[in-house]
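Visitor: Quick one: the structure is below, questions incoming.
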Amino acid sequence: MEINIEQLASDLNNKEINKKQVLEKYSIKDKAMRILLKQNGYTYNQKSKQWQLESENTYSKEETKVTYRIPVELYKAVKLQAIFEGINATDIIVKALNDYIPQSTKDIIKENNK
């Protein structure tokens, strides 16, 4: 059975049925469902508690969208790790950068924002 990704996301966002019912409807396991959605550009929005196309997700004023060039293998590893953890790739990048940047550097930014 070919799965209509838009309908799957819509069903998951429907509060009248639960996730277990959706998984049964499509004869799919949770992990496979998450992988399928992510491969098709969907991310889970924690604030709205819904699956949305990544382009539909809005970001706060405390965030900025950036573009960096990284090795392809690293990009693939980040995407795969995001699937394993059930989170989006941005969360992994933010965590990695937060772990890398020293607190003293972050403090300088905070002081300059006052």
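Visitor: Could you give the dipole magnitude of the chain about its Cα centre, charging the beta-carbon of Lys and Arg +1 and that of Asp and Glu -1, in debye to the nearest 20?
Guide: 140
Visitor: Principal axis extents for the chain, Cα atoms only, whole Å, descending order, please.
Guide: That works out to 54, 33, 20 Å along the principal axes.
Visitor: How large a share of the accessible area of the chain, in percent, is made up of carbon and sulfur atoms when the probe is 1.4 Å and the other protein chains stay in place?
Guide: Carbon and sulfur: 53 percent of the exposed surface of the chain.
Visitor: Let me ask something additional. Once label points are set 7 Å from the Cα along Cα→Cβ at both LYS110 and GLN7, what is their separation, rounded to one decimal in nm?
Guide: Once both label points are built, they end up 5.1 nm from each other.
Visitor: Can you tally the net charge around GLN39? Count Lys and Arg as +1, Asp and Glu as -1, for every other residue whose Cβ sits under 12 Å from the Cβ of GLN39.
Guide: Charge balance in the 12 Å sphere: +2.
Visitor: In Å², and per residue, what accessible area does the chain have when probed at 1.4 Å with the other protein chains present?
Guide: Per-residue accessible area for the chain comes out at 82 Å².
Visitor: State the answer as a single residue: which of ASN98, TYR26, VAL72 lies farthest towards the positive end of the charge dipole of the chain, with beta carbon charges of +1 for Lys and Arg and -1 for Asp and Glu, about the Cα centre.
Guide: ASN98
Visitor: Which order do the peptides 3-16, 91-104 come out in when sorted by mean C-beta neighbours inside 10 angstrom, highest first?
Guide: With the highest mean Cβ count within 10 Å placed first, the list reads 3-16, 91-104.
Visitor: Once you place label points 7 Å from the Cα toward the Cβ at LYS15 and GLN46, how far apart are they in nm?
Guide: Result for the modelled spin labels: 2.1 nm.
The values are calculated or read from the model by the stated rules, or taken from the named source; none is laboratory data. Small disclaimer: the values here were computed from a predicted structure and weren't measured. Counting neighbours? That spans all protein chains shown, and the Cβs are built from the backbone with ideal geometry, glycine included. The area values use the complete protein model at the heavy-atom level, side chains included, leaving out ligands, DNA and RNA. Shrake-Rupley method; radii C 1.70, N 1.55, O 1.52, S 1.80 Å.
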